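See below for the structure under consideration.
What follows draws every value from the coordinates through simple rules; no lab data is involved. Note that the coordinates shown come from a computational prediction; the quantities given were computed from them, not determined experimentally. All Cβ positions, glycine included, derive from the backbone under ideal geometry; neighbour counts span all protein chains shown.
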Amino acid sequence: MTVQVVTDSGSDIPKQLADELGIIVVPLTVSFGEESFLDGVELSSDQFYDRLLRSPMMPTTSQPSVGRFVEVYKQASESADQILSIHLSSKLSGTLNSATQAANQEAFGGKIQLLDTWQASMGLGFSVIAAAEAVRDGASIDEAAAAAISVLERTHVFILFDTLKYLEKGGRIGKANALLGTVLQIKPILTLEDGEITTKLKTRTFRKGVQNLQQLTEDCGKLERAAILYTTDSSEATLLAGRLDNALVEGASPSIVRISPAVGTHGGPGLVGVVCVTAAG
């Protein structure tokens, strides 16, 4: 039976890789006031971050509609027997809820399996990639879901923020809200626990924060996959990727990924992060 993997643009999977693996990416919507754009379709990362830095108006995001998911699932059903739909943490976005409502329509007859990753960005993306690679190699839908879950269980996310105002404005700050209003000028490293954002480390300077990102990543042990994330400045990400190259298993190297508008809306400018997957067994 053929399996189609579906995700959302909050996964931050580079378009070329998504195309190569046949992953369908459902875009979230990014808005500046009354202007709305489909993430990665009507608004590129370059366009988004240019506007983010220039505009006094802070962007917002919204999940794909139930109708959009119905359209995607109908299209996928024309060539696939089953659909594995893997999405952003339900504690950060209503995307999974939209997908669930669409999947529960009688027309699909239970052929859609949904997975809440409790992750975002490449924390979600790596699990989707693992599922798509499994499908490419002939896996069933249950085997592909198991591959995604295995990656999720070994995934670590460390994000260094230059500012928390975008995270606060978007209502995504979660358990890291204790950092708000602090007298100290802290550059925090945040992570995801049980699908929510929480504080990993507090650093006084951005430079020290980057050093801590490297140390936290190296402390995870030998890595199967790693992505260095950034929003507006790729230079730190490039340098960090070079320093972490030896942390990966032989034949693998870290990728450098620009965070999508849907996720960057809440991360803001100056962000640098690492998503890594510890090698199995």
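Among the aspartates and glutamates, which have Cα under 18 Å from the Cα of residue 111 when same-chain residues fewer than 8 positions away are ignored? Cα-Cα hits under 18 Å: 71, 78, 81, 142, 143. In the chain, helices alone account for a calculated mean residue ellipticity at 222 nm of -10500 deg cm²/dmol, with every DSSP H run of four or more residues adding -39,500 (n - 2.57).
May I ask for the percentage of alpha-carbon pairs in the stretch 1-115 that lie more than 20 Å from each other?
Details: 2859 of 6555 pairs.
Value for the stretch 1-115: 44 percent of Cα pairs lie more than 20 Å apart.
Here the chain is described by how far its Cα atoms reach on the three principal axes: 55, 49, 30 Å, from widest to narrowest. When the charge dipole of the stretch 155-278 is built from unit charges on Cβ atoms (+1 for Lys and Arg, -1 for Asp and Glu) and taken about the Cα centre, the candidate among 242, 185, 228 whose Cα reaches farthest toward its positive end is 185. A simple packing score, the average count of other Cβ atoms within 10 Å per residue, orders the peptides 31-40, 265-274, 225-234, 139-148 as 265-274, 225-234, 139-148, 31-40, with the highest score first. The aspartates and glutamates within cross-link reach of residue 187, meaning a Cα-to-Cα straight distance under 13 Å and a gap of 8 or more places when in the same chain, are 162.
Note on residue 215 and residue 252: their simple-model spin labels are 2.4 nm apart, each label 7 Å out from Cα toward Cβ.
Note on the stretch 155-278: the alpha carbon radius of gyration divided by the globular reference 2.2 N^0.38 Å gives 1.00. Let me spell out the model: positive unit charges on the Cβ of Lys and Arg, negative unit charges on the Cβ of Asp and Glu, origin at the Cα centre of the stretch 155-278. What dipole size does that give, in debye rounded to 20? That gives a dipole near 420 debye.
Local charge sum around residue 272 (other residues, Cβ-Cβ under 9 Å, Lys/Arg +1, Asp/Glu -1)?
Numbers: positive: none; negative: 162, 233, 236.
Net charge in that neighbourhood comes out at -3.
What dipole magnitude, in Debye to the nearest 20, does the chain give about its Cα centre under +1 on Lys/Arg Cβ and -1 on Asp/Glu Cβ? Could the numbers behind the result be given before it?
Working: 23 positive and 32 negative charges, 231 e Å.
Dipole of the chain, to the nearest 20 debye: 1100 debye.
Which entries of 91/200; 15/202; 15/74; 169/200; 15/169 have Cα-Cα distances beyond 24 Å here? If you can, show how the numbers build up before the last one.
Working: 91/200 18 Å; 15/202 33 Å; 15/74 22 Å; 169/200 21 Å; 15/169 28 Å.
Result: 15/202; 15/169 exceed 24 Å.
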